[in-house]
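Data block below; observations after.
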Amino acid sequence: MYVLVINAGSSSLKYQLLDKDTQRLVGKGLCEKVGSEDSFHRHGLDGDERLDTLPLKDHHDAVQAALRALLDPQGGAVKGIEEIAAVGHRVVHGGEHFSASSVIDDEVVARIRECIPLAPLHNPPALTGIEACADLMPHALQVAVFDTAFHQTLPPKAYLYPLPYELYERHRVRTYGFHGTSHRYVAQRAAALLGRPLDELRLITCHLGNGCSVTAVRNGVSVDTSMGFTPLEGLMMGTRCGSIDPAVVTYLIGSLGMGAGQVDDLMNRRSGLLGVSGVSNDLRDVQAAADAGDERAQLACEMYADSVRRHIGQYVFELAGVDAVVLTAGVGENSDRIRQMIFSGLEPLGFLLDGERNRLRGFERVISSEGSPVRILVVPTNEELMIAQDVASLLDA
Ligand code: ADP
């Protein structure tokens with residue numbers, strides 16, 4: 001029996017097929033530019049990838065293409081569609097309704113639809129993916145796995161903004177937090193790596209990719225997180241500014257005459273590493289420019305690392321100490337230089353990074369020195385695996 005994991009974006013659809021019991025990856029693929037003339041489908045496991053250019057007018061076509069590849073008699077991963085017992089859908093926003101992954105029924109669909117105003121770019125394609133799978137695989141259990149669910153344990157003092165309370169009551173303006181599936185996964189792996197029960201640990205998990213967020217995890221539960229009402233809050237990111245004085249927004253609108261849409265574009269797509277460096281949103285390019293003497297690129301790297309440090313520092317206080325800091329996603333997993341910058345000078349506080357271990361690549365490991373009071377870990381994230389595990393337990397239940 002297999003579990004299909006679907007991550008539907010506005011013009012893309014990523015999928016992975018995993019064995020339900022062993023969680024072995026047996027197939028994967030990516031449909032891009034869905035809805036445009038030059039859509040394509042890349043599929044197959046590493047080393048055996050194929051590229052089909054074909055018209056995919058919507059997500060229904062994309063799911064169909066995925067199934068065709070997975071069921072291909074020549075080299076497909078499964079023999080019959082009924083072997084796919086369940087589908088796990090990544091859904092960005094579950095609002096306050098979902099604190100765990102849920103089997104999809106009409107009510108769940110309605111709830112996801114209700115959250116569209118909170119995630120206008122993300123929830124609609126997820127719904128389209130759900131509809132397409134329900135149509136093409138009516139036998140399969142459909143499960144929604146929410147980015148926000150892990151953070152539903154935040155206490156009110158952490159999730160409320162100091163705004164008039166009615167804004168929360170009437171419009172649900174509050175912190176939701178995102179990347180929850182990734183934070184949950186790396187927290188679990190960290191406990192396994194440390195050989196200690198998750199429910200006895202104080203962890204700070206740092207998801208540093210194009211989007212960045214830090215979460216304080218006490219006894220396996222998210223108690224605070226840096227992203228807020230939207231994924232714009234918190235750390236400096238690839239193209240997002242993270243937290244800034246909110247009065248900058250009123251200044252841009254009131255004094256510089258910008259519209260709400262322009263401000264949204266500026267803060268979400270033209271800020272962060274890209275905005276400060278003027279070079280790129282990709283940390284590798286910014287670092288290369290910094291190495292070549294570009295001062296703004298150097299400044300952008302320093303601001304980025306500082307932003308992570310400040311959030312870790314905040315959560316050390318909130319948790320009254322920390323057992324381990326966990327780094328994940330593109331930057332967290334791969335950039336020894338940023339990791340070095342994050343922990344540099346923090347030895348008196350008990351963060352002893354081991355230079356040698358920090359330079360190694362590509363697997364779960366401890367990168368702090370033997371005897372470091374706070375352990376520092378690198379854990380490659382695997383949201384698809386976390387989704388498949390949730391789906392498998394719901395299937396078993
Ligand atoms: P997304 O949030 O889109 O999933 P990723 O988790 O893949 O993003 O992270 C993308 C970021 O990771 C980019 O800024 C990229 O530069 C950075 N990154 C990937 N590999 C390296 C590396 N070897 N050194 C530094 N940065 C890296």
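Identify the residue in the stretch 272-293 that is away from the ligand (no atom under 11 Å from the Cβ) and part of a loop (DSSP other than H, G, I, E, B) and, among all such residues, is surrounded by the most Cβ atoms within 10 Å (Cβ to Cβ). Checking each candidate, the answer is Val279. Select from the stretch 321-349 the residues that are over 15 Å from Cys301 (Cβ atoms) and β-branched (Val, Ile, Thr) and write down the one among them that is nearest to the ligand (Cβ to nearest atom). Among those that are over 15 Å from Cys301 (Cβ atoms) and β-branched (Val, Ile, Thr), it is Thr328. Out of all the residues in the stretch 65-74, which are closer than 15 Å to Leu30 by Cβ and over 26 Å from the mean Cα position of the chain (by Cα)? Those that are closer than 15 Å to Leu30 by Cβ and over 26 Å from the mean Cα position of the chain (by Cα): Arg68, Ala69.
Matching residues to (1) more than 23 Å from Tyr161 (Cβ to Cβ); (2) touching an Asp or Glu at 6+ places or on another chain (Cβ under 6 Å); (3) not assigned by TED's automatic domain parsing to the domain that holds Gly330:
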{"position": "Met227", "(1), (2), (3)": "no, yes, no"}
{"position": "Tyr251", "(1), (2), (3)": "no, no, no"}
{"position": "Ala260", "(1), (2), (3)": "no, no, no"}
{"position": "Asp264", "(1), (2), (3)": "no, no, no"}
{"position": "Glu295", "(1), (2), (3)": "yes, no, no"}
{"position": "Phe317", "(1), (2), (3)": "no, no, no"}
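Hey, can you tell me all the residues within the stretch 58-100 that are without any contact (Cβ under 8 Å) to a residue 24 or more places away in the chain and closer than 30 Å to Cys115 by Cα? Across the stretch 58-100, the qualifying residue is only His97.
Elements of the type helices (runs of 4 or more DSSP H) sitting completely within the stretch 138-244 and holding at least 3 residues that are within 16 Å of the ligand (Cβ to nearest atom) and in contact with a Ser or Thr (Cβ under 9 Å, 6 or more places away or on another chain): these cover 180-194. Scanning the stretch 355-376 for residues that are among the acidic types (Asp, Glu) and over 24 Å from Ala290 (Cα atoms) yields Glu364, Glu370.
Scanning the stretch 1-24 for residues that are assigned to a loop (DSSP other than H, G, I, E, B) and within 24 Å of Asp58 (Cα to Cα) yields a count of 4. Consider the stretch 256-270 and keep the residues that are away from the ligand (no atom under 14 Å from the Cβ) and within 22 Å of Ala289 (Cβ to Cβ). The one that is surrounded by the most Cβ atoms within 10 Å (Cβ to Cβ) is Leu266. Taking (1) more than 16 Å from the ligand (Cβ to nearest atom); (2) in contact (Cβ under 8 Å) with a residue 24 or more places away in the chain; (3) assigned to a helix (DSSP H, G or I); (4) not small (Gly, Ala, Ser) in turn, Arg310 satisfies each apart from (2). Against the test of being β-branched (Val, Ile, Thr), surrounded by 15 or more Cβ atoms within 10 Å (Cβ to Cβ), at pLDDT 95 or above and more than 21 Å from Arg184 (Cβ to Cβ), the options Val3, Val108, Val26, Val34 yield a single qualifying residue, Val26.
The values are calculated or read from the model by the stated rules, or taken from the named source; none is laboratory data. As the structure is a prediction and not an experimental result, all values here were calculated from the model. All Cβ positions, glycine included, derive from the backbone under ideal geometry; neighbour counts span all protein chains shown.
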